[in-house]
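Okay, here's the structure, questions in a sec.
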Amino acid sequence: MDDREKAATPGQAKENEGAKLGTVAPTLADGEEHPVDPLTVRVARIASFLVILPIAMIQLIFLTIGWATGGMAPPLYLGILGVWLMLFAPVFLLTYRWPAARYRHLRYQVEEDGLRIRRGVFWRKAIWVPITRVQHTDVAQGPLQRRYDLGTLTVHTAGTAGAAISLDGLEHGIASRLSDHLRPAPATYAN
Amino acid sequence: MRTEARRLHRWSWPFLAAGTIRALIVPVVGAVVASRGVLLSRLDLLSVLFVVPALVLAFMRQRVYNYRFTDSGLVVRNGLLTKNVRHIAYERIHNVALVRNPIHRMLGVTTARIETAAGGKPEALLRVLSLEAAEDLRRYTLSEASEAAALDSSGPAEAEAPEAGTQEPETARAETTTETAPLLQVPDRDLLRLGLISNRGLLVVAAALGVGAQMRWLEFARTPRTIVVQDWLNDQGWRGLYESIRTRAPDWASWVFESGGLIRALFLVLAALLLLLVVLRVFSMAWHLVRYRGFTLHQNNQGLRAEYGLWPAVSSLIPVHRIQLVTVSASLLHRWFGRASIDLETAGATDTKSGIGGAAGTASTRQWLAPIIETNRAHALVREVLPEVDIDGVEWMPIEARAVRRIATRTAIALMPITVAIAALFTFSPIPLSGWHALWLPSVVLSMAWLVARQWVRRTGYALTESVILFRSGWIGLQISAVRFVNAQTFSMSQSPFDRRKRMASIVVDTAGAGGSGHRIRIPYLDVEVAEGILRRLYNETRGTEFRW
């Protein structure tokens, strides 16, 4: 878990106005950009390898059966194997590199009265959600995430394109606290 | 108010399984049909394959499903592999719909559906609870804070379906409506103009063709008259038709048939096209007359009421507080007639259909505020309906002028293959106008692309007032959309790789029920700094307001 030590989680951030007003946990709504938990890279890699690997294995096995049963001349087998490798190497590389790239470009920022998410490797997107527009929140945890104590926070609004905004790869405890934070406090009834 | 976790009723699993099985019925029936009934004789196999796993799954789901009431909201936990914890604040809960069918009644249980304003699926479907538990649920969730919301949610278009057993007592609204003079009355003349403007003629033709095809399929088309026409065409052919038109043509038109060769052919083709166009437009006018005859807009204490149409005759209530977006559009043809069209996007919780699994999502509708209206009155009408939206009074801000180059380049690149192909065709073919001088085409396309892009960028812009954001766009037409901050949900800023290279960004304001196509607040080609500023401003303005249906 030393990966996690390096990451600046909101817990370590300085106190701010949120603390002064005393409406929210001061350490969470610090108004600073934070990366999600670095372990999410590992989880994403494992998850995508779990998909890619069986496909690759099945193809490889069929290819080998074709060769072993004599249906295929060795040069042909080697040729196909080479092409297969050439096609699959980038896929493997991508499943390895992409989660890290995605992680690098994923930032969230908790405000006293809202949440901002910034994401996207090539196509960048920043989404701002005021708490007053949050309808309900989900904190989900898949089996792999449970193993690494991660969780996915989903914020539901009454919007259309932004009806469900997910933040993947938070430490589960932070996701839960964030979910608590994003609930409308009765005091926000200013209208 | 913090309770221990509560489970579902112990007889929940058959109901949970029923949901799964219902979802599986279509594929199973498909499989049976595909097997030509062979599978039907193996019903035992089918049940082992589908029913037993569904039951086991349902039992396990019942075991993990629980809910509890905390100080701020309802917390629902579920999920076998992926565990999910859902927090629903009491303030956000509009309604707790209890749905019971005869089986529920027999077992003394009910399905409870928690509804908030969020789009999509029901926020929580508690399947099933004992009646006492359901009452508890309603007591906890629909107490203090939510009362206001519950009152507010009882929109006019929503009467609980009769089969819903115990219901939220609808706040009985007395039908004391004080009608005043109509805000708008569309005369027939304007509807004819609208028919000219909007191309609904094809719709009529398509409908006619569809009906025609249907008729022929039903062998109704073999009526004596069509047989006569068909036989005559078979005998005489198109040449015969042409001859008969020629002999019947009046004297002043006879020259068309006398002059020979290419000109005549061209003229005839043009005439035919023109005729088609006229016919389509006439159809379109007729369609609009039938559809929108006597369009009247009234304002009363409930909201707006629009009445229109010969067939079907429509009387629709537009709840003003549910208007999410308003758009004023004026195409080129609109502008020639000095007219504009105004449409609205409304959204509301549609909890009317209460089938057990029935989605209680939000229905969005785009409807006319005014199908056609004089341009100078359009903005006033919008202001009358939504006082905050004062289109004439705002200060429009431009988008980046640098965008012209990007748009023109993109258009030119997209059009280049076809331009080159046409230029090549001109250059190397024996038809008239050919020769190397056909190379003028690409340059014309390029400059046209530039001009169009420049015009579009000039006219596109946005405006921010104290409570509204407006966006306008168009190059020969113009569309203006406005969203009140109260109705804005989330804000996003996007940057494509091209945007990033040019330090630009686009902004989207998301609203409820923004389904389908249509003009909305989607401001492209802003400078990044400007976009950030707008986003901050929108966020600051919105965070203090409460969104209500």
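Are there trypsin sites (Lys or Arg not before Pro) in segment B:1-69 that DSSP puts in a loop and that have at most 12 other Cβ atoms within 10 Å, and which ones?
Sparse-neighbourhood loop trypsin sites (Lys or Arg not before Pro): B:Arg2, B:Arg10, B:Arg36.
Let a ≥ b ≥ c be the square roots of the eigenvalues of the Cα gyration tensor of segment A:42-101; is it rounded (a/c under 1.5), or, if not, prolate (a/b larger than b/c) or oblate?
oblate
What is the mean number of Cβ atoms from other protein chains located within 10 Å of the Cβ atom of each residue in peptide A:107-115, rounded to a whole number?
Mean partner-chain Cβ count within 10 Å for A:107-115: 2.
Continuing with this model, one more query. So how far, in whole Å, is the C-alpha centre of segment B:1-56 from the one of segment B:65-100?
For segment B:1-56 versus segment B:65-100, the Cα centre distance is 24 Å.
Would you please classify the overall shape of segment B:474-549 from the alpha carbon gyration tensor, given that a ≥ b ≥ c denote the square roots of the eigenvalues, rounded means a/c under 1.5, and beyond that prolate means a/b larger than b/c while oblate covers the rest?
Verdict is oblate for segment B:474-549.
Tell me which chymotrypsin sites (Phe, Trp or Tyr not before Pro) from segment A:47-144 have a DSSP coil assignment and no more than 14 other beta carbons within 10 Å of their own.
Taking segment A:47-144 and a limit of 14 other Cβ atoms within 10 Å, the loop chymotrypsin sites (Phe, Trp or Tyr not before Pro) found are A:Phe122, A:Trp123.
Counting other Cβ atoms within 10 Å, which trypsin sites (Lys or Arg not before Pro) in segment B:475-537 have at most 16 and lie in a DSSP loop?
The qualifying sites are B:Arg503.
With a point put 7 Å past each Cα toward its Cβ, work out how far B:Ala23 is from B:Ala380 in nm, to one decimal.
For the pair B:Ala23/B:Ala380, the computed spacing is 5.6 nm.
Average partner chain C-beta neighbours within 10 Å, per residue of B:78-90?
Across the residues of B:78-90, the mean count of other-chain Cβ atoms within 10 Å is 6.
Shape call for segment B:1-136 from the C-alpha gyration tensor, a ≥ b ≥ c root eigenvalues: rounded (a/c under 1.5), prolate (a/b greater than b/c) or oblate?
Prolate, since a/c reaches 1.5 and a/b exceeds b/c.
We did not get these values from a lab; they are worked out from the coordinates using the rules stated. None of the values given here were measured: they were computed from a predicted structure. Note that we place each Cβ from the backbone using ideal geometry, even for glycine, and neighbour counts take in every protein chain shown.
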